[in-house]
Structure formats: structure tokens, C-alpha cells
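Student: Sharing a structure with you now.
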Amino acid sequence: MSVATEICEPLAVLGGDVEVPLASGEKVGYAALDYAASAPALKRVWDDVAAYAPYYGSVHRGAGYLSQLSTDLFEQSRRTVADFLDLREGDQVVFTRATTDSLNLLAGAVPAGTEVFAFETEHHASLLPWRREGLTVSYLRAPRSHDEAVAALEEALLGASEGPKLFCVTGASNVTGELWPVKRLTEVAHRHGARVVLDAAQLAPHHRVSVRELDVDWVAFSGHKLYAPFGAGVLAGRSDWLDAAEPYLAGGGASRTVARELDGSVAVEWHTGPARHEAGSPNVIGAYAIASACRALDEAGFEELEARERALVAKLTEGLAAVPEVRVLNLFGEGSDRVGVVSFVVRGWNSSHFSAALSAEYGIGVRDGLFCAHPLVRTLLGGEEAAPSECGAPESSLPGERSLNAIRVSFGAGTPVEHVDRFLTAVRELVSDGAKWSYRNEGGRCVVDTQGQQR
């Protein structure tokens, strides 16, 4: 039996029937293999949003039927997300714009004097928000195994002060797709009195996330990676630091009462709970879309979805391993468990050139660059320099540093087997035969030169 017949059907997503033009003028069905950046909307999510849209109204303060309906739907969405994450009693769900927004919100709520710990391998969204006045950040070197990661955190926390501490960790790397030992790291952190926030942006779309089981203090993720690309995200977990902090945004909804004082000043009493950090008119559509995606993934069954993805990952990595010129990037070794995210380089190719050829000649969408995780990608590439091409090697962001970049292919519950097969065929053909068209640099990007001659 072939691998393709063993893999169950994908979930229905929007864009599955979209055709895109090739450099040749032909059209081909688009192979979306950039899920790690933004996943397509599940058709179920789109249908739910479309059914609700005519009833859309402002939430929480309206007396009209549509406002009350929207308020009920918004708060029910919060409960759906809480169930999806298996939150503990007393935990809260705050709706944000995305993972980046969630972690910046939490960074603003961390008590002054807190020491924050994060591995340099984090996405910039979980690497950078802690660099603010009143906080001390310790960046830990990239570990090369789960055991090394646990030992490094243990050592760092042994040398920490007696004050509040926070450890930020990703669940699955947005560069390599590798799973991190979140539960083990959390046990170490809690043993030393540190709280833990989990960046689940790449984990939640692929694996069940149980806050209760992992015992993390907070979790953050984005709707647009969870098949709900409508501009919303989630920060969920403990309420004490959030309730004690100044509101993330000052304005209506966050304030319980506002009064003019005799001296002309304004006194404010802020809400506690999620409302404290959801000032303004919230993104009801985005929240409802996230809840719809949570229900859809639960109903599809994570065990089946994970099994399907493991088969696709095996197909992809085995196919790439058969091409000697391809080097897959790994932090924890070739056999490490990963979600559907794989980054690689191709000997003799500039990654931007290779990605452009995949798009222009095969209708395949991937990503190239440093993936908002510059320290990690530079560590994985070491001293490897990006190969020159007719497009020109991309500029390094650091003066005097050689140019580095990689290619990332990513997929999920909506990816057909054919897209992975087409990608592997394209890789083999480009490596053996080269690109069929000429390419040029346009605004720093490598693009096909349709005015030129086909090779």
C-alpha cells in the first residue's frame, strides 16, 4: 500500500481550488506550504463566520437584540477556548490580536524586578517583549537536546535572585518544527519558583494543548495559525499578575467607573478579569472564528490529525533525505519529533532563488529567510554562506556579517498529499536540472524575469 493511500483526507480549507499562474502562462492549483506563517481558514470556520455576520453587533453595553446576541457569542467563544486549552479553575482567557500581542501584554503585566529567562532559539515574539525597564532578561544558549535544555534552565535558575521569575518557552519551533520538552521544563521552573508562559503559536494547530497537564502558567497562540485568520489571538492562564497590572490599553471596556475629582483630575477604577485588558470594541468575529476552529479541531480528533501529520512529515523528510544537496535544519537531531514545519538549505542555491522558482515554475508557496528567529537560524546554519545567484544574495541584517537564509516548508490539517508530492518532485527537478527561467532582484526579493528568455 502506498503512503498516499494510508493518509486520511485533509480538512476542508478555503483556497483549495485556487489556481495561480506560472511563468509559462499556464495555471496550476496552488500548493500552500506556508502554514507556519498563516494557515488557510477552515471552511467550517468561514461558514460559521458567514452565518453570524448579519447578526454582528457591539458587545457588552448594548440593549438591542444583536448586541446581546453578539455578547453571548463572544463570551461563549471565551468558554470554548478555555475548554480547548483545558484551563484550570480560576484561569482566564484574554482575546488579543495575535501571539505577539499576547506576549507583549503579559510583559507589561510582569511585576517590576522580575527576572525573565528564554532560550535564544525563540521566535522574536517570545524573545523580545521582555526587554523593558524594570525587567532583567537572561538569554540561554541554544541546546542540542531535550536533556541539555532542561539542564541549562536548571543551572540558570539556580543562579537567579529570590525575586519573581518567568520562563518563556516555545512548544514547537517555527523554524525546525521540533517539539520542546515543555512539561519537563515547567517542572524545573516551578521547582525554582519561576512561572512559565508557553508560546503555542506553532503547537496549538498541530497538537492538543492542555494547560492543566503541562502545568504552564500562561499560554499564547494566534488565530491565523489555527485556521482562523481573522486578526485575533489568545493569552490564557493565571489571573493574579494580569489583574494587578495596569490595563494593556486604557479606554472604554477596561474601566469600571470614571469620575471627575474636585481638583480637576480623573479617577478610574479598572475592571478585573479579561475586560481589564480588552479595552475598546473587541474583535468579535476574530474571537468567534478562533472558537469555531477549536471546535472543528476537537471534532476532527487530534489523534487522527496528529497521525496524519506524522505520515506527511515522514514522507517529506524521507524525500528530502534522498536528495544529497539538501540539508534539513535540526536542533535536537534528525530523529526528533516535529510538527509539520521543516527548514532546509540546498547546496549551490540561494534560498530566495530556490523559493522563487518553486512559486514561478511549480505553483508552490513556501517561505525563505530567517523566519523571525534570527539567532536560531544563524546557529543552525553556522558559517554557511548563502549561495550567490542572478538575484544577488540577500543583505545581512548585521554589518560585516555574511548573508544567511533558509527555506521553510510547512503544512497542516488542510494539506493534500499531492502538495507534498509536487514539492518533492520540484526539489528533485530544480536540483538536477536547474531553474527553467531567469530571475532578477526586485525590491530585495527574487522574482521570475518574464521578460527574459526561458532557458
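Student: Is it the case, given these coordinates, that THR71 is β-branched (Val, Ile, Thr) and more than 24 Å from the chain's Cα centre (by Cα)?
Tutor: Working: β-branched (Val, Ile, Thr): yes; more than 24 Å from the chain's Cα centre (by Cα): yes.
For THR71, the condition - β-branched (Val, Ile, Thr) and more than 24 Å from the chain's Cα centre (by Cα) - is met.
Student: Turning to a different aspect of this structure: Can you report the number of residues in the range 138-194 which are within 11 Å of PHE119 (Cβ to Cβ) and of a type in the set (Val, Ile, Thr)?
Tutor: Pass one, the range 138-194, residues within 11 Å of PHE119 (Cβ to Cβ): 138-143, 148-149, 152-153, 156, 167-170, 173, 180, 185.
With of a type in the set (Val, Ile, Thr) added as a condition, the list becomes 169-170.
The number of residues fulfilling the criteria is 2.
Student: Can you pull out the residues in the range 198-241 that are touching a Lys or Arg at 6+ places or on another chain (Cβ under 7 Å), over 15 Å from CYS168 (Cα atoms) and of a type in the set (A, V, I, L, M)?
Tutor: Within the range 198-241, just ALA232 meets the criteria.
Student: So, one more: Looking at ASP34, ASP48, which one is within 17 Å of ARG295 (Cβ to Cβ) and in contact (Cβ under 8 Å) with a residue 12 or more places away in the chain? I'd like the intermediate steps shown before the answer.
Tutor: Details: ASP34 fails: within 17 Å of ARG295 (Cβ to Cβ).
The unique qualifying residue is ASP48.
Student: Go through (1) more than 30 Å from GLY253 (Cα to Cα); (2) surrounded by fewer than 18 Cβ atoms within 10 Å (Cβ to Cβ) one by one and return the number of the condition SER343 breaks.
Tutor: Exception for SER343: condition (2).
Student: Among the residues of the range 13-26, is any in a loop (DSSP other than H, G, I, E, B), within 15 Å of PHE221 (Cβ to Cβ), hydrophobic (A, V, I, L, M, F, W, C) and under 28 Å from the mean Cα position of the chain (by Cα)?
Tutor: Filtering the range 13-26 down to residues in a loop (DSSP other than H, G, I, E, B) leaves 14-18, 22-26.
Next, only the ones that are within 15 Å of PHE221 (Cβ to Cβ) stay: none.
No, that holds for no residue.
Student: When you scan the range 179-198, do you find a residue that is buried (at least 22 other Cβ atoms within 10 Å of the Cβ), under 22 Å from ALA39 (Cα atoms) and outside the structural domain of ARG367 (by TED's automatic domain parsing), even just one?
Tutor: Yes, the range 179-198 has at least one match.
Student: Same structure, new question: Please specify each residue of the range 409-455 satisfying the condition of being in a strand (DSSP E or B) and either among the hydrophobic types (A, V, I, L, M, F, W, C) or surrounded by 19 or more Cβ atoms within 10 Å (Cβ to Cβ) (or both). Lay out the reasoning, then the answer.
Tutor: First, the residues of the range 409-455 that are in a strand (DSSP E or B): 409-410, 439-442, 445-448.
Residues satisfying the conditions are VAL409, SER410, TYR439, CYS446, VAL447, VAL448.
Student: Can you name the condition, by its number, that ARG44 falls short on among (1) basic (Lys, Arg); (2) surrounded by 18 or more Cβ atoms within 10 Å (Cβ to Cβ); (3) modelled with pLDDT under 95?
Tutor: Against the list (1) basic (Lys, Arg); (2) surrounded by 18 or more Cβ atoms within 10 Å (Cβ to Cβ); (3) modelled with pLDDT under 95, ARG44 comes up short only on (3).
Student: Also, quick follow-up: Taking the range 60-86 as the search range and keeping residues that are among the hydroxyl-bearing types (Ser, Thr, Tyr) and out of contact with any Gly (no Cβ under 7 Å at 6 or more places or on another chain), which one is farthest from HIS277 (Cα to Cα)? Can you show your working first?
Tutor: Keep residues of the range 60-86 that are among the hydroxyl-bearing types (Ser, Thr, Tyr), which gives 65, 67, 70-71, 77, 80.
Retained after the next criterion (residues that are out of contact with any Gly (no Cβ under 7 Å at 6 or more places or on another chain)): 65, 71, 77, 80.
Values: TYR65: 26, THR71: 17, SER77: 17, THR80: 19 Å.
Only one residue tops the list, namely TYR65.
Student: Using the structure shown, decide if LEU376 is over 25 Å from the mean Cα position of the chain (by Cα) and either modelled with pLDDT of 95 or more or over 24 Å from ALA31 (Cα atoms) (or both). Give the derivation first.
Tutor: Working: over 25 Å from the mean Cα position of the chain (by Cα): no; either modelled with pLDDT of 95 or more or over 24 Å from ALA31 (Cα atoms) (or both): yes.
Judged against the criteria, LEU376 is not a match.
Here's the yes/no breakdown for (1) within 19 Å of GLY340 (Cβ to Cβ); (2) of a type outside the set (A, V, I, L, M, F, W, C):
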| residue | (1), (2) |
| --- | --- |
| ARG144 | no, yes |
| ALA160 | no, no |
| CYS168 | no, no |
| ALA172 | yes, no |
| VAL196 | no, no |
| VAL211 | no, no |
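Student: Also, quick follow-up: Please list, ordered by residue number, the strands (runs of 3 or more DSSP E) wholly in the range 87-171 having 3 or more residues that are touching a residue at least 12 places away in the same chain (Cβ under 8 Å), within 17 Å of HIS277 (Cα to Cα) and of a type outside the set (S, T, N, Q).
Tutor: 92-96
Yes/no matrix, rows are residues, columns are (1) outside the structural domain of VAL409 (by TED's automatic domain parsing); (2) farther than 26 Å from LEU128 by Cβ; (3) under 21 Å from the mean Cα position of the chain (by Cα):
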residue	(1), (2), (3)
VAL328	no, yes, yes
VAL339	no, no, yes
SER351	no, no, no
PHE354	no, yes, no
GLU361	no, yes, no
GLY365	no, yes, yes
LEU370	no, no, yes
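Student: Considering only residues that are under 18 Å from GLY233 (Cα atoms) and among the small types (Gly, Ala, Ser), which ones fall in the range 39-69?
Tutor: Result: ALA39, ALA41.
Student: Output the residues belonging to the range 128-143 that are touching a strand residue (DSSP E or B) at 6+ places or on another chain (Cβ under 8 Å) and either modelled with pLDDT under 95 or among the hydroxyl-bearing types (Ser, Thr, Tyr) (or both).
Tutor: Going through the range 128-143, the residues touching a strand residue (DSSP E or B) at 6+ places or on another chain (Cβ under 8 Å) turn out to be 130-131, 135-143.
Once the filter is applied, which keeps residues that are touching a strand residue (DSSP E or B) at 6+ places or on another chain (Cβ under 8 Å) and either modelled with pLDDT under 95 or among the hydroxyl-bearing types (Ser, Thr, Tyr) (or both), the range 128-143 yields THR136, SER138, TYR139.
Student: Among the residues in the range 277-286, are any in a loop (DSSP other than H, G, I, E, B) and free of Cβ contacts under 8 Å to residues at least 24 places away in the same chain? It would help to see each step written out before you state the result.
Tutor: Initially, the range 277-286 is screened for residues in a loop (DSSP other than H, G, I, E, B), giving 278-283.
Going one step further and asking which of them are free of Cβ contacts under 8 Å to residues at least 24 places away in the same chain, we end up with none.
Checking the range 277-286: not a single residue is in a loop (DSSP other than H, G, I, E, B) and free of Cβ contacts under 8 Å to residues at least 24 places away in the same chain.
The values are calculated or read from the model by the stated rules, or taken from the named source; none is laboratory data. Source: prediction; values computed, not measured. All Cβ positions, glycine included, derive from the backbone under ideal geometry; neighbour counts span all protein chains shown.
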